[in-house]
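Asks: Pasting in a structure now, in structure tokens, and then I'll have a few things to ask.
Laboratory data are not the source of any read-out in this text; all were calculated from the coordinates shown. Because the structure is a prediction, the values reported are computed rather than measured. All Cβ positions, glycine included, derive from the backbone under ideal geometry; neighbour counts span all protein chains shown.
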């Protein structure tokens, strides 16, 4: 049982590392390098859309790992096989992360990608400007939600680490 719990927590931590670290790498390293290398907004924008598609798929996998991990640990605690109950805060943080990731992945990101493709395909200066304005208006809440989600992930990681340190 102890080895299973160690494996479960390790997988959860790896999932959180992918969730948090993946976005930090994209924002802090990939985006600046991309726009300083590719030279064009169109090619760089399409590349970033694909990069965020990949990140969103990784987050989906991490969501499964985190959900299975917390459910299994809760079941062990309920059976009396683990000393630590899952706190309401941990459930709420994970729920917030899952909800935010779902809204980004299944609602906002596809809409934003469609607006981006429309903007890049637009002919004429006025049409292109209007299409980019629509894209950037949709993109603002997506950026905010990505940052909120990383913050929730860091809070969940902090909560897990705090649970290991005796009071």
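Asks: Could you tell me the calculated FRET efficiency between residue 91 and residue 49, based on Cβ-Cβ distance and R0 = 30 angstrom, to the nearest 0.05? Each step should come with its number before you reach the end.
Replies: On the way: r = 33 Å, r/R0 = 1.09.
With R0 = 30 Å, the Cβ-Cβ based efficiency is 0.40.
Asks: Suppose R0 equals 45 Å; then what is the FRET efficiency for residue 6 and residue 125 from their Cβ-Cβ distance, rounded to the nearest 0.05? Mind dumping the intermediate values first?
Replies: Working: r = 60 Å, r/R0 = 1.33.
Computed FRET efficiency for residue 6 and residue 125 comes out at 0.15.
Asks: Calculate how steeply helix 2-25 sits against the longest principal axis of the alpha-carbon atoms of the chain, using the helix alpha-carbon long axis, and give the answer as 0 to 90 degrees to the nearest 10.
Replies: That helix lies at roughly 20 degrees to the long axis.
Asks: Can you give the FRET efficiency to the nearest 0.05 for residue 25 and residue 77, using r as the Cβ-Cβ distance and R₀ = 41 Å? Let's see the in-between values first.
Replies: Values: r = 34 Å, r/R0 = 0.83.
After rounding to 0.05, the efficiency reads 0.75.
Asks: Can you give the angle from 0 to 90° between the axis of helix 88-103 and the longest principal axis of the chain, with both taken from C-alpha atoms, to the nearest 10?
Replies: For helix 88-103, the angle is close to 20 degrees.
Asks: I need the peptides 156-162, 124-130, 49-55 ranked by packing, meaning the mean over residues of other C-beta atoms within 10 angstrom, with the highest value on top. The partial results should precede the final answer.
Replies: Numbers: 156-162: 14.1, 124-130: 11.3, 49-55: 15.7.
Ranked from most to least packed, the peptides come out as 49-55, 156-162, 124-130.
Asks: Taking 1 over the mean of 1/r across every pair of different Cα atoms in region 18-167, what Kirkwood radius in Å do you get?
Replies: Taking the inverse mean of 1/r over all distinct Cα pairs, region 18-167 comes out at 17.4 Å.
Asks: By how many degrees, between 0 and 90 and to the nearest 10, does the Cα long axis of helix 109-121 differ from the longest principal axis of the chain?
Replies: Rounded to the nearest ten degrees, it is 20.
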